[in-house]
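The values are calculated or read from the model by the stated rules, or taken from the named source; none is laboratory data. Please read all numbers here as calculations on a predicted model, not as lab measurements. Positions of Cβ are generated from backbone atoms using ideal geometry, with glycine treated the same way; all protein chains shown enter the neighbour counts.
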Amino acid sequence: MFDFLDQVTPVTLGENPLAQVVAQVKFSAQSTLNSPQGASLFHDLVSEQYPRRLGEQQQTVIAGPGGLTTTATPQWRLTDLNGRWACVVGPEQLALETSMYTDWSEMRGRILTVLGALTEVTKVRVRERIGLRYVNHILPDDSGSFVDRISNDLLGRAVNPTWRQSLSAALAQTVFSDGVARLVIRAGTGEGIVEPVSTFILDIDCFDEQPQEYDPESTIDRFDEFNDVAYRCFCSCVPEEFRTTMK
């Protein structure tokens, strides 16, 4: 998948620049997960890792001939005590979020756990969307430069010292396709994009919005593929010399 990205050997980065990682599955509406009782059944199965349960409302805005219509769908955020890991579950989605990513094996294990709980409490028939997103925050060197830390293709005009002195913000998005899979790279820095403004965002988003029959095994296989793509993309965007300093 996305064969233009070089093959690389995965290495666990002890000081990775990840600010957030999100794995999400959207599926056909499940009435069981539309009520606090159904959410409690799910929570009971994952409460050892996510003891807190918080109610939320997912707002959906639909534009039609009569104007804008807003609907609210209940969902629940299950978190650990320090809020660094969260499982968000609702009648149409299941997501796993973390700000404390270590390596894929841990993330994968946690995905398997919540997918198992989903199978226990309901019968999902159709997977509408699956996605894996890695948001990296990369700091500049002592001189304030990202050169040698981010590929020049992403830095653009910021490579030029003369331009960089007056640069207030830069943001770019690139979308790649491989069959039904999509790879989106959002990259940039500057006021209004990220705080502090000296941070460079490298946001790598892999997803598939092709509806298909839901199956837990094929779902985790898809996540494995997306993780491989995201890592190879990261390595193409961040020079090896700088990556070695993160080990």
For this session: Exactly one condition in (1) touching a residue at least 24 places away in the same chain (Cβ under 8 Å); (2) within 16 Å of Arg52 (Cβ to Cβ) is not met by Asn82; state its number.
Result: (1)
Problem set entry | Conditions (1) exposed (fewer than 15 other Cβ atoms within 10 Å of the Cβ); (2) touching a Leu at 6+ places or on another chain (Cβ under 9 Å): number failed by Arg84 | (2)
Seminar exercise, completed: Selection from region 24-59 of residues surrounded by 15 or more Cβ atoms within 10 Å (Cβ to Cβ), of a type in the set (Gly, Ala, Ser) and under 18 Å from Leu96 (Cβ atoms) yields Ala39
For this session: Please specify each residue of region 79-99 satisfying the condition of being closer than 16 Å to Gly109 by Cα and aliphatic (A, V, I, L, M).
Result: Ala86, Leu94, Ala95, Leu96
Exercise. Listed residues Phe146, Phe207, Phe176; which is within 19 Å of Pro239 (Cβ to Cβ) and surrounded by 15 or more Cβ atoms within 10 Å (Cβ to Cβ)?
Worked result: Phe146
For this session: Tell me which residues, restricted to region 140-168, are at pLDDT 85 or above and in contact with a Lys or Arg (Cβ under 8 Å, 6 or more places away or on another chain).
Result: Pro140, Asp141
For this session: Kindly indicate whether any position in region 155-178 is at positive phi and either without any contact (Cβ under 8 Å) to a residue 40 or more places away in the chain or of a type in the set (Asp, Glu) (or both).
Result: yes
Seminar exercise, completed: Filter region 72-111 for residues that are of a type in the set (D, E, K, R) and assigned to a loop (DSSP other than H, G, I, E, B); the one that is nearest to Leu18 (Cα to Cα) is Asp103
For this session: State which residue is modelled with the highest pLDDT when the search covers only region 187-206 and only residues that are out of contact with any helix residue (DSSP H, G or I) (no Cβ under 7 Å at 6 or more places or on another chain), under 25 Å from Gln24 (Cα atoms) and of a type outside the set (D, E, K, R).
Result: Ile201
For this session: Take the residues in region 112-139 that are closer than 21 Å to Ala19 by Cβ and of a type in the set (Val, Ile, Thr), then tell me which one is modelled with the lowest pLDDT.
Result: Ile138
Exercise. Among the residues of region 27-41, which ones are of a type in the set (A, V, I, L, M, F, W, C) and either touching a Lys or Arg at 6+ places or on another chain (Cβ under 6 Å) or not in a helix (DSSP H, G or I) (or both)?
Worked result: Phe27, Ala29
Exercise. Restricting attention to region 6-25, does a residue exist that is at pLDDT 95 or above, among the small types (Gly, Ala, Ser), in the same structural domain as Asp228 (by TED's automatic domain parsing) and under 19 Å from Cys235 (Cα atoms)?
Worked result: yes
